[in-house]
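The values are calculated or read from the model by the stated rules, or taken from the named source; none is laboratory data. None of these values were measured; they are calculated from a predicted model. Using ideal geometry, Cβ is built from the backbone for each residue, glycine included, and neighbour counts are taken over all protein chains shown. For the accessible areas, the whole protein counts, side chains as well, though only heavy atoms, and no ligand, DNA or RNA atoms are used. Shrake-Rupley method; radii C 1.70, N 1.55, O 1.52, S 1.80 Å.
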Amino acid sequence: MLKSLDTAWAHPLAAENFVDQCVEVSVRKIIFEKQWFYLDNAIGHIYGTTFEVTSGGNLQPKQEVEETTTETKEAGTDNRNIVDDGKSQKLTHDDIKALKDKGIKGQEIVQQLIENSTTFRDKTEFAQDKYIKKKKKKYEAVITIVKPSTRILSTMYYAREPGKINHLRYDTLAQMLTLGNIHAGNKMIVMETCAGLVLGAVMERMGGYGSIIQMYPGGGPVRAATSCFGFPKPFFDNLHEFPLSKVESLLSGTFTTETLPSDPEENTLVEEESNGLSEEKQTSLQETEEEPAPEAPMEINPAEEQDTMDINAEDVEFKENKEKENKENVREKQMKQWERRKKLKEAAALLSEKNADGLIVASKFHPTPLLLSLLEFVAPSRPFVVYCQYKEPLLECYTKLRERGGVINLKLSETWLRNYQVLPDRSHPKLTMSGGGGYLLSGITVILEKGKADSSNSEALKMEEPSSKRCRLQDLPC
Amino acid sequence: MLKSLDTAWAHPLAAENFVDQCVEVSVRKIIFEKQWFYLDNAIGHIYGTTFEVTSGGNLQPKQEVEETTTETKEAGTDNRNIVDDGKSQKLTHDDIKALKDKGIKGQEIVQQLIENSTTFRDKTEFAQDKYIKKKKKKYEAVITIVKPSTRILSTMYYAREPGKINHLRYDTLAQMLTLGNIHAGNKMIVMETCAGLVLGAVMERMGGYGSIIQMYPGGGPVRAATSCFGFPKPFFDNLHEFPLSKVESLLSGTFTTETLPSDPEENTLVEEESNGLSEEKQTSLQETEEEPAPEAPMEINPAEEQDTMDINAEDVEFKENKEKENKENVREKQMKQWERRKKLKEAAALLSEKNADGLIVASKFHPTPLLLSLLEFVAPSRPFVVYCQYKEPLLECYTKLRERGGVINLKLSETWLRNYQVLPDRSHPKLTMSGGGGYLLSGITVILEKGKADSSNSEALKMEEPSSKRCRLQDLPC
Amino acid sequence: MSFVEYGDTIKDGDTAIVFLGHESMFPVKVQHGTVTQTKYGVIRHSTDLIGKKYGSKVTCSKGGWVFILHPTPELWTMNLPHRTQILYSTDISLITMMLELKPGSIVCESGTGSGSLSHALIRTVAPTGHLYTVEFHQQRAEKAQEEFREHGVEHLVTVTNQDVCKNGFGVSNIADAVFLDIPSPWEAIGHAKSALKAEGGRICSFSPCIEQVQRTCLAMEEYGFTEINTLEILLRVYNVRTISLQIPDLGKAAEDNSSTGFDSSKPSHQGSPCANLQQGTVQFKSGVPLREVVGHTGYLTFATKSLM
Amino acid sequence: MSFVEYGDTIKDGDTAIVFLGHESMFPVKVQHGTVTQTKYGVIRHSTDLIGKKYGSKVTCSKGGWVFILHPTPELWTMNLPHRTQILYSTDISLITMMLELKPGSIVCESGTGSGSLSHALIRTVAPTGHLYTVEFHQQRAEKAQEEFREHGVEHLVTVTNQDVCKNGFGVSNIADAVFLDIPSPWEAIGHAKSALKAEGGRICSFSPCIEQVQRTCLAMEEYGFTEINTLEILLRVYNVRTISLQIPDLGKAAEDNSSTGFDSSKPSHQGSPCANLQQGTVQFKSGVPLREVVGHTGYLTFATKSLM
């Protein structure tokens, strides 16, 4: 059941790809795709309820959908009689506007459009359906409240804000969770710059059991997407964070808590904000265009992508924090700093045990230095997975890891994902598909024999992994 | 109709992927996949005839195929009752050998195997079909004679000898022919190290109209695959060749025919042979293994790939040539050399006109130097297409071409190819697919303005191609 | 100029392609006295086009410039007026090769549609072959006929306005290959077979939906076609980009910074041949896919007309 | 050791993975006094395995060595005895995420098959969730039960030997998710619906053939499921290789060899960051696909049990 302060997700009932168009609704008034509505009426309904948006912006539970398509099942067998003269719709733009202003429901407007189309009856069934879907999307204001999950959040982020998650496609994230053997009781190291989505996915799979150390660049960890999962409070008890900038000193034994990642601590919050919000900009700077991108034949309208997620929980929290801070006196500040030092020491201690059950990396940084350092904290016989939007850095990372040794079963991979339309007599792969979901490098740690750790010649490389091929050549076990 | 000295192709009737298993049959006795047979009986039959191989190795036109599957249509609905104890086939290996020795036809052996299988009736329809196909392939000796074509040769080479054609997949070759606007009347430049397959495909599409200059590395052009097309003699009248090693001198105006590509000319033929036959080796050296290749779950048996194409037309020609040569006296040698000089001059003259209608490159060499030099010979407003097995060299080639200027509409692409099984209630993509078909870089030449040819700075790069994006930014046409 | 023969200079009556920039172009009919508006200004055909070489850079009235390209079936496919869903060059390439088309081939096609495939087929079978193309939509058939005339390939093609499922291709025992792109291809397989030469030939059917393919395969088998094979081909275009990835700041290990062998502050990756190092970043070239690409056009089912 | 909890050292009774080299490994049941033969020689469990840390290198009797790995559902999938066609980790990953599984989830599965997916499901729903798995083949059901016991996950799973199409999952209004991998999934949709919680849940059906998907989608719609969505996921593995390409010999332009800006004899490509030049060749790293890869496993159809 939806409670007043829950994080939930609303989406217009855009037929097939349901989850691509969700928008966060933890505040009351929502603006989404040029529509606005109030959430008050939704509270108390169970997750999954579908609402219609009335002219006043209120939500009203939707009646059983009458299938417009089945009512008008009179279709041409082909389109030989259709002459395209641009005059097939008798309703003018003004007519439609007038209907809307009168408060006529979207469903009825679509019905009127069908009745006033001179060519609709002659269209093939296929073309009729296409027409209805298009018009429904334009005029019907229907939303459903769904419970947040990795499935919902990762598909939504990939569809609407791919820049914020380094274009990590949801099926690629799914691979990471499985390849990483994420499960309850693990002690995981997570290094991500995907707005906290990957962290959230790992937390969901661990269900509050075990512990997580989030490594972060800059002043503090970003958890904008994490907060959208609506995890219960205890889930955060065993979530730790550790600054990347302290990793080398921790490994070399020179770690101290004398200097905190960035003091004064106000910076933490400011940077946190800028990490979250300016990420889009940073990512777009990352690519230098060699040539203007060829437009995909069916590219989605970029204008439609912008009006989303302008209001989110993080913002509200941030403002509240800031106001509080202004009232805080010096003693409280010292108290907080002491608290931070304590937490930092705890995280350092956890890492220093060097017995993590796995490592997950999905960041905008070059993966090689991250892997070479962070693998030191992982126990032997544990999986690790690195995501990168590009293949090239993982080629280098692969080579460096082979030189380092202590890892086996290295695999560089990618997944292809196809969506299908399955309808009677009209089944085929969807007409558009994602161009790429990024690349993964995964492997398993083993005990790294001392003395070999520093040798990076090909001799050591070959020795590190027994090769069945070599043995076959010699025809005798080595 | 098949005549005595035609080049034709035989293939065992391996159901779906018909053309993957052809073998050249321009000589009379054939050994293919552990079977041998004589072609004498095939001569006089029309292309497309299917033969059965009798126990004596003779071909016998096949009767209308009785559908074994339809006779035995008693199938289980699932496999719950099948216990796998390895004892389901009552016929022993010796039994089967005895049947074969008695001269029983493959079709009958398969039928007996079905009748003696205790689990066949309980298998699902799907499993039954799989079983029959496997057994048919093993015991039935059926071949069909087909007419050579780009379709047949490119699919066959890709399936059986991909190393000889730089892993150029047939659909990629198809793209090249279209992107290159290959048609009758063209003057084409072709630079390939694909055993002459690409040259043959271009010749087929030009149908003897127009002219082709084949650029070649080493001592002479390789045309092993070209000769398999069975082109009529006149097709070769306008086929010229020019050595790569003379390209720079031709471009700089210092070209002479004083030194022929490699004299004494005997070397030409020897090198030609070694180019053809040692290519496989060179290609395998090209890749340094970082790690033994993971075996694909359904990888085809490498042992089965070897027994093919051991007899081919080139070999025979070569031996004949060599014998003749031994008899030649000095005057004949001089005559030949004069002839070669004349042909070389003709090819040089054709190139020097710098008005070729297109350029096709598909080689084992780095594409950048080839493109930068050979594009000089192409007229403006003409397409060019470069194939490379790897993406990386084409990235570099793209950048260099942009710096050079004089080319527009550059496109780096790849195609994915999926084969489908379409059977009642059992339709799905084939369970194996090609891992990659290589990459193409294509574009169109334009007039290269003098003075800009040498500037390779990014200023020139931007100026060479008007960018609609830049203009939109300034909101005024530049 | 014609679509089957290259010309060097632009002539009155030619169809030329005005290239404005990457993936931005349009066709223009060259006519004395005509002007064409572009976003870079006006192009005057008499002075700016006629007599110039194809591939020339033409400066427009506002100072911007464009390239004028010789038409090819592929450029036409990218620029033609859409009267229907069209076939693109990726599918066209595979169709042409798998139908074994070459100069002299006789091909039957239905429907003509917007003529995208037709132009490519004509190009390949010229100068001695012929295309018989059947279109049931009268307006479209007429428009196609007009385009073929304008493009100088009229003599290589016969356009018929009829329903191929009812009336067939209007020819028999003449074709080397038949291509079908109609809603119910299975209804035309019989006609396709009789259009093909007695000694056999190839057929291809293009359908977006798998159910169409299933019915078509059954029909092909019924009519004795062999080598029935269904394929799907997808184009992947890569943009060439220079990517910069930041090296993460892992801090200093006090005085000692060699513990992991990867020094994040001093850029000196000997082992990293692809690293063009600036301060704290690694640069490399990458071919990156578009975010959204064409995920499906249609299934291509090929078959051979058997001998018996 | 158990499949849902990591242990540090190898113990008597554990199932461990013996890793011989790339993609070459096998599972072994650790038992005091037992020996295992490998191509590198014998491994004595009492002395070579028990008490050692997981991830250790173990030297075999002939001097060769192997690594001993802690089992995971993914390693098990790569090494389990096949009693049926199995699901691999690529599909399993998507199934797990799209079914929204997590610790505490109640899942129903049919058929159990070789237990490849079962192990992954149990791992994800542990320690508070449960898997109800139904297998109609008695021998297989028993074998799966035995494996679950050996792998320390018996308490998290209930194996039932019955026909799910006739008898369902044996539970009702209890499941968060249902997974079907059976020849006629459409016959089990009703049972799946009643197994799911009253307030709703997710379902997934895996089928190799599109006709199965078509029938299943119709059945799902009939039973009021929403968000019906069919996906296909394919894994592409790349081998990391160092490739050398030859620079072609284009000859010298007499004394002058700067005409094209690309000098083939002296290796000095400043503009080519990826070129580690030897004499006449360019070297670069590439991720090359295998020649033949898995082209299809099956279609995954997901749906949500609606509220009403």
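Note down the net charge around A:PRO367, summing +1 for each Lys or Arg and -1 for each Asp or Glu among other residues with Cβ under 13 Å from its Cβ.
Details: positive: A:LYS364, A:LYS391, A:LYS400; negative: A:GLU192, A:GLU392, A:GLU396.
Computed value for this residue: 0.
Greater than 27 Å separation of Cα atoms is the criterion. Which listed pairs, B:LYS400/C:LYS11; A:LYS342/D:LYS53; A:LYS400/B:LYS391; A:LYS138/A:LYS430, meet it? Mind showing how you got there, number by number?
Details: B:LYS400/C:LYS11 33 Å; A:LYS342/D:LYS53 32 Å; A:LYS400/B:LYS391 22 Å; A:LYS138/A:LYS430 21 Å.
The answer is B:LYS400/C:LYS11; A:LYS342/D:LYS53.
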Pairwise burial D:A, computed as accessible area of each alone minus the pair, summed, 1.4 Å, Å²: 6000
statement: homo-copy label distances at C:ASN161 (7 angstrom along Cα-Cβ), nm, one dp, ascending, are 7.3
- request: Please give, to one decimal in nm, the separation of the simple spin-label points placed at A:LYS97 and A:MET335, each 7 Å out from Cα toward the Cβ.
  value: 5.9
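Under the definition of Cα pairs under 8 Å and six or more residues apart, what whole-number percent is the relative contact order of the stretch C:96-166? List each step's numbers first, then the result.
On the way: 119 pairs, mean separation 23.1, N = 71.
Taking the mean separation of contacting Cα pairs over the length of the stretch C:96-166, I get 33 percent.
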query: What gaps in nm, shortest first, separate B:ASN58 from its twins in the other copies when you place the label 7 Å past Cα toward the beta carbon?
result: 9.5
- prompt: Using the alpha-carbon atoms, what tilt in degrees (0 to 90, nearest 10) does helix C:116-125 show relative to the longest principal axis of chain C?
  reply: 70
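Using only DSSP helix segments of four residues or longer, with each worth -39500 (n - 2.57), what per-residue ellipticity at 222 nm results for chain D after dividing by its residue count and rounding to 500?
Details: 7 runs with 64 residues, N = 308.
Mean residue ellipticity, 222 nm, calculated: -6000 deg cm²/dmol.
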message: Defining a contact as two alpha carbons under 8 Å apart and six or more residues distant in sequence, what relative contact order in percent does the stretch D:15-71 show?
response: 36
- prompt: Where in the stretch C:81-180 are there GluC sites (Glu not before Pro) that are in a DSSP coil and have at most 11 other Cβ atoms within 10 angstrom of their Cβ?
  reply: none
- line: Sorted on mean Cβ neighbours within 10 Å (highest first), peptides B:88-97, C:13-22, B:427-436, D:80-89 come out as C:13-22, B:427-436, D:80-89, B:88-97
field: the stretch B:85-185: C-alpha gyration tensor shape, a/c 1.5 cut-off, then a/b vs b/c
entry: prolate
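Does the stretch C:15-71 come out rounded, prolate or oblate, given a ≥ b ≥ c as the square roots of the eigenvalues of its C-alpha gyration tensor, rounded meaning a/c under 1.5 and, failing that, prolate meaning a/b above b/c?
Working: a/c = 1.44, a/b = 1.10, b/c = 1.31.
Rounded, since a/c falls under 1.5.
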query: Which whole-number percentage describes the relative contact order of chain C, with Cα contacts under 8 Å and a sequence gap of 6 or more?
result: 14
query: Assuming R0 = 60 Å, what is the FRET efficiency of D:LEU218 and A:GLU353, from their Cβ-Cβ distance, to the nearest 0.05?
result: 0.65
statement: Taking a crude spin-label model, label points 7 Å out from Cα along the C-beta direction, the C:GLN85 to D:THR34 distance in nm is 5.8
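For an R0 of 30 angstrom, estimate the FRET efficiency from the Cβ-Cβ distance between D:GLN162 and B:LEU431 and round to the nearest 0.05.
On the way: r = 30 Å, r/R0 = 1.00.
E between D:GLN162 and B:LEU431, to the nearest 0.05, is 0.50.
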- prompt: What does the charge add up to near B:GLN175, with Lys and Arg as +1, Asp and Glu as -1, over the other residues with Cβ less than 12 Å from its Cβ?
  reply: -1
query: Taking the label point as lying 7 angstrom from Cα along the Cα-to-Cβ axis, what are the distances from A:ASN355 to the corresponding position in the remaining copies, in ascending order and in nanometres?
result: 8.2
statement: Nearest-0.05 FRET efficiency for A:GLN89 and C:GLN139 at R0 = 22 Å, using Cβ-Cβ distance, is 0.65
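Among rounded, prolate and oblate, which fits chain D when a ≥ b ≥ c are the square roots of the eigenvalues of its C-alpha gyration tensor, a/c under 1.5 means rounded, and a/b larger than b/c means prolate? Mind showing how you got there, number by number?
Values: a/c = 3.13, a/b = 1.47, b/c = 2.13.
In terms of gyration-tensor shape, oblate.
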